[in-house]
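As structure tokens, the structure follows; a few thoughts come after it.
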Amino acid sequence: MVNTLKAESILTSEYSVVRDGGAGLIDLSSRGRILVSGSEAVMFLNGLITNDMKSLELNSWMPAAFANVQGRLLAAVRSIHHADGFLIETEESSRTAVLKLIERFTLAGDFKVADLTDETAELSVQGNAARDIVAKVLGAQVAKLERQKSLTREAHGNAVTLIRATHTAEDGFDIFVNRDHLPTMFAALTNAGARSVSKETFETLRIEAGVARYGVDMDETNVVTETNLDEAVSFTKGCYLGQEIIVRIKHRGHVAKKLTGLVLSENPAPPGAQVSSVDGKEIGRITSSTFSPKLNRAIALAYVKYDYLAPGTAVKIAGGEYETSGTTAELPFVRGSWYQ
């Protein structure tokens, strides 16, 4: 019991430092980082990716997705335009798929692919104090970094790349370093005031923020536009894999179902639990669920049919021995400093 209470206290303090004005430090090094370069990199990537690579300026980044010919999601990524090419960053669960998708073009022209995952690392500072903490470690210029922009500079004799990004609905910066520089950067950020955040706490924060995870809240069974990746799709660029289906759905007006939030009456729901209307019709399923300290309620991410997406719609949730009621909610559940 003592150990359980201690663990709960640690999770609570980690959560509070992110939500209540401080900043948490999250290790994202398990994510995949793949460098694509060559004079034909833009041409090949533009035929594979949902966003417009031709519009991505140097020292900028954008979200994007890889889809199959049916418009179903193979990977959600972020593309960062470096001087030496495009860094394609994705979740650990989709790293292999992305590599396979792009490596097949290496013999088709001036198109080079290098998996940098094992030789690089990635940290994220999240919270209202992120700007001040990162400025202490990497200089005042970093604190002025605009969203969708990237910055590379020297720190402790190593090149460090940053982007302004959120995973928690709080202000934040993602920091890319060489793998052997990770301990030094981690120590510098914690000494400047960042608090290390566990995977358990990060899971609660990202669900509150409405951030979907590949392999958990979205996968190859989902059409890209069901997953709230709207900013990852260009509807004006030329042909790419899956474009026909994605554009057709856009012109139709809406998808059949969409990822949304649920506020639950009881404890967090098990993944895969069925969501039903009040008259018993099956209308969706749970993908992630947690207890939100900010809302003091259990919440969940779920796919729900279009006709039931309006916030406040009453639903029922059941899975195994679990059963409760709830209401649909607009995402994100928590609008932190990122939205101020």
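Going by the structure shown, is residue 137 over 30 Å from residue 68 (Cβ atoms) and open to solvent by 10 Å² or more (accessible area, probe 1.4 Å)?
yes
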Matching residues, the range 263-274, being surrounded by fewer than 21 Cβ atoms within 10 Å (Cβ to Cβ) and over 17 Å from residue 210 (Cβ atoms): 265, 266, 267, 270, 272, 274
Residue 247 over 26 Å from residue 98 (Cα atoms) and open to solvent by less than 50 Å² (accessible area, probe 1.4 Å): no
Filter pass, residue 164 being farther than 30 Å from residue 333 by Cα, open to solvent by 10 Å² or more (accessible area, probe 1.4 Å) and not aromatic (Phe, Trp, Tyr): no
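Being of a type in the set (A, V, I, L, M), surrounded by 19 or more Cβ atoms within 10 Å (Cβ to Cβ) and either free of Cβ contacts under 8 Å to residues at least 24 places away in the same chain or closer than 28 Å to residue 56 by Cα (or both) is true for just one of 197, 142. Which residue is that? Before the answer, list the steps.
Working: 197 fails: either free of Cβ contacts under 8 Å to residues at least 24 places away in the same chain or closer than 28 Å to residue 56 by Cα (or both).
Answer to the check: 142.
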Options 77, 98; residue that is touching a Leu at 6+ places or on another chain (Cβ under 9 Å), surrounded by 17 or more Cβ atoms within 10 Å (Cβ to Cβ) and at negative phi: 98
Yes/no for residue 260 being crowded, with 16+ Cβ neighbours inside 10 Å and either at pLDDT below 95 or among the β-branched types (Val, Ile, Thr) (or both): yes
Count - residues of the range 122-177 that are more than 22 Å from the chain's Cα centre (by Cα) and under 21 Å from residue 30 (Cα atoms): 2
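For the range 237-340, which fully contained strands (runs of 3 or more DSSP E) count at least 3 residues that are in contact with a Leu (Cβ under 7 Å, 6 or more places away or on another chain)?
257-264, 297-305, 322-329
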Residue 131, sole failed condition from (1) in a loop (DSSP other than H, G, I, E, B); (2) modelled with pLDDT of 95 or more; (3) among the charged types (D, E, K, R): (1)
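Would you be able to tell me the number of residues in the range 101-114 that are of a type outside the set (Gly, Ala, Ser), within 24 Å of the chain's Cα centre (by Cα) and surrounded by fewer than 17 Cβ atoms within 10 Å (Cβ to Cβ)?
Of the range 101-114, the ones of a type outside the set (Gly, Ala, Ser) are 101-107, 110-113.
Imposing the further condition that a residue be within 24 Å of the chain's Cα centre (by Cα) reduces the set to 101-103, 113.
Filter again for surrounded by fewer than 17 Cβ atoms within 10 Å (Cβ to Cβ), leaving 103.
Residues meeting the conditions: 1.
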Where a residue in the range 281-305 is more than 14 Å from residue 263 (Cβ to Cβ) and open to solvent by 90 Å² or more (accessible area, probe 1.4 Å) and its partner, wherever it lies, is part of a strand (DSSP E or B) and of a type in the set (D, E, K, R), with Cβ under 6 Å and at least six apart: 305/257
Given (1) closer than 27 Å to residue 168 by Cα; (2) part of a loop (DSSP other than H, G, I, E, B); (3) hydroxyl-bearing (Ser, Thr, Tyr), index of the condition residue 201 fails: (2)
All positions within the range 200-218 that are open to solvent by less than 40 Å² (accessible area, probe 1.4 Å) and of a type in the set (Asp, Glu): 208, 217
Among the candidates 277, 337, residue that is open to solvent by less than 50 Å² (accessible area, probe 1.4 Å), of a type in the set (Ser, Thr, Tyr) and under 21 Å from the mean Cα position of the chain (by Cα): 337
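The values are calculated or read from the model by the stated rules, or taken from the named source; none is laboratory data. Since we're looking at a predicted model, the values are computed, not measured. Heads up, the Cβs are rebuilt from the backbone with ideal geometry, glycines too, and the neighbour counts pull from every protein chain shown. With ligands, DNA and RNA removed, areas are computed over all heavy atoms of the protein, side chains included. Shrake-Rupley method; radii C 1.70, N 1.55, O 1.52, S 1.80 Å.
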